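Only one structure is covered here, and it is reproduced in the block below.
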Amino acid sequence: MSNTPWFRWLPLAFALAGCGVSQDDSADDSIVGEIVHGTADHGRHPAVVALRIGNDALCTGTLVSPRAVLTARHCVSFTSEVVRCDQPGRQVFRDRDPRSITVVVGDDVRTGTPVARGERLLTLPSNRLCDADVAVLVLDRPVRGITPLAVARIGRVAPGDDVSIAGFGRRGDSARAGVGVRFFRERVAVLAGSATEFVTAAGSCSGDSGGPALDRATGRVVGVVSRGGTRCAAADSEGVWSQAALAGPLLDAMP
């Protein structure tokens, strides 16, 4: 929400050439974090893809057309590291070169297939991320063999709803927590909401940034991971999501 202070953006820094995750990261499924409370995906959400951001970071995105990935603005831009939505100030400094962003499909970033790079970025006309943390990465080639997910254009996620979530992020607060494997979780409770953002009881971890919240009935994308607390596995952890409908004008601007 716009008045939620002291949250962090959640891309994941990495340093293992060719695979986008740290050599210290383990894929041990016993490590408890947020999405690990759910289930290893095993191909259930093929349109949820990993984004390798140059040699710097890992994010999650959703294929919403053969040539477009919906993700978080902070994944594709250089931004402030800590957000105070209750304070004014610039949060986006400049966008990244879209060609530095690689789309990887599959259940595991280590063994997944790079299928496209960015060609163009579509973003909202704002230098703030609070209430505007969505972006569309237009790809240099179509992604074949994966059915894109539809984006909810009308309606908003509201308190009392629940959603499914998926992402490639870290599955705990330890430096050795599993990361880079797609996990999902169902029935994540929505605690609060506005026209632009909503808060869930389960926080997302580093690397889940840009990943989707899905309507459990329709499978449509209803939210995009924006930010979370400093300890994603804490019992009181929360996640803040941009309402996916914010991306409607960007999708309409697709070439």
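Structural remarks
- Cβ-Cβ distance of residue 111 and residue 146, R₀ of 25 Å, FRET efficiency by 1/(1 + (r/R0)^6): the value works out to about 0.95.
- Each peptide in 87-94, 236-243 receives the mean, over its residues, of other Cβ atoms within 10 Å, and ordering these scores from highest gives 236-243, 87-94.
- Label point distance in nm, residue 216-residue 153, each placed 7 Å from Cα along Cα→Cβ: 2.7
- Alpha carbon centroid spacing (whole Å) that separates region 195-255 from region 141-157: 14
All of the numbers you see were taken from the coordinates with simple rules; none came from a lab. Only a predicted model underlies this, so the values are computations on that prediction, with no experimental measurement involved. Cβ sites come from the backbone with ideal geometry, for glycine too, and all protein chains shown count toward neighbours.
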